[in-house]
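Heads up, the thing below is written out as structure tokens.
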Amino acid sequence: MYTVVFVTASGRKEAQKIARGLLKEKLAACVNIVDGVDSFFWWQGKVDKAREALLVIKTKKGLLRRLIKTVVSLHSYEAPEVIALPIIAGNKKYLDWIDESTS
């Protein structure tokens, strides 16, 4: 089973650090970084906002526990967003590539 994981980071520099860490450990096959995301959210009892970078990570379900642990260890946030969604279908060659690219 394959998954897409979303992680928000404080900015491009932190997002790149997380992406490199995940790729180095072969916990992700690919990480896209979308810069300049405007986030609005509840934090400590009030509505807050931040300009963030969004990581879109392609990986396998079996690697999620290690991936989450790695993201948390590299992240500056107290409670970083790390959410995983299943990939229910896809190009077989791309999914095979995810297999080949991850441990």
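The values are calculated or read from the model by the stated rules, or taken from the named source; none is laboratory data. Here the structure is a predicted model, which means the values were calculated and not measured. Glycine also receives a Cβ, built like all others from the backbone with ideal geometry; neighbour counts cover every protein chain displayed. Remember, those area values only see protein heavy atoms, side chains included, never the ligands or the DNA or RNA. Shrake-Rupley method; radii C 1.70, N 1.55, O 1.52, S 1.80 Å.
Any chance you could count how many residues in segment 1-15 are open to solvent by 40 Å² or more (accessible area, probe 1.4 Å) and within 11 Å of the chain's Cα centre (by Cα)? Going through segment 1-15 one residue at a time, the tally reaches 1. Of all the numbered requirements in (1) open to solvent by 90 Å² or more (accessible area, probe 1.4 Å); (2) on the phi < 0 side of the Ramachandran plot, K26 misses one, and that requirement is (2).
Looking at S39, S101, which is the one that is in contact with an Asp or Glu (Cβ under 7 Å, 6 or more places away or on another chain) and in contact (Cβ under 8 Å) with a residue 24 or more places away in the chain? Walk me through how you get there before you give the answer.
Values: S101 fails: in contact with an Asp or Glu (Cβ under 7 Å, 6 or more places away or on another chain).
Testing whether each residue is in contact with an Asp or Glu (Cβ under 7 Å, 6 or more places away or on another chain) and in contact (Cβ under 8 Å) with a residue 24 or more places away in the chain leaves just S39.
Quick one: is L74 in contact with a Ser or Thr (Cβ under 7 Å, 6 or more places away or on another chain), modelled with pLDDT of 95 or more and closer than 13 Å to A9 by Cα? Here the answer is no, as L74 does not meet what is asked.
Take segment 74-89 and flag every residue that is touching a residue at least 12 places away in the same chain (Cβ under 8 Å) and either loosely packed, with under 13 Cβ neighbours inside 10 Å or at positive phi (or both). Give the derivation first.
We begin by selecting, within segment 74-89, every residue touching a residue at least 12 places away in the same chain (Cβ under 8 Å); these are 74-77, 80-87.
If the condition is that a residue be touching a residue at least 12 places away in the same chain (Cβ under 8 Å) and either loosely packed, with under 13 Cβ neighbours inside 10 Å or at positive phi (or both), then S76, I83, L85, P86 are the ones that fit.
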